[in-house]
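As structure tokens, the structure follows; a few thoughts come after it.
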Amino acid sequence: MDTRLIELLVCPLCKGPLQRPAQSEYLVCASDKLGFPIRDGIPVMLENEAVAVDDNLQPIPHHAPMPAAD
């Protein structure tokens with residue numbers, strides 16, 4: 001995915017910046033601790049498709065509980 005495109009996209013929830021950790025198939029909002037998947041080179045920026053990420057911005061497996069919202 002083009003770095004320029006990532007710089008234009010924002011989190012659909014908080015409108016904060018997104019990052020793409022190395023070797024990740026997710027765009028991550030560090031503020032909301034959510035990862036939005038990239039499928040076939042296209043970011044899926046839907047809240048119901050997002051996965052929780054840990055403090056290292058790595059996806060948390062689906063069977064783990066979601067972190068509590070602040």
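Values as computed for the structure displayed
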| item | result |
| --- | --- |
| Filter pass, Ile6 being at pLDDT below 95, in contact with an Asp or Glu (Cβ under 7 Å, 6 or more places away or on another chain) and not small (Gly, Ala, Ser) | no |
| Of residues in region 20-70 being assigned to a loop (DSSP other than H, G, I, E, B) and of a type in the set (D, E, K, R), the one modelled with the lowest pLDDT | Asp70 |
| Members of region 1-53 found to be of a type outside the set (A, V, I, L, M, F, W, C), in contact with a Cys (Cβ under 6 Å, 6 or more places away or on another chain) and crowded, with 18+ Cβ neighbours inside 10 Å, listed by number | Asp32 |
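The values are calculated or read from the model by the stated rules, or taken from the named source; none is laboratory data. Given the structure is predicted, the values throughout are model-derived calculations rather than measurements. Quick reminder, even Gly has a Cβ in these numbers, built from the backbone with ideal geometry, and neighbours come from all protein chains shown.
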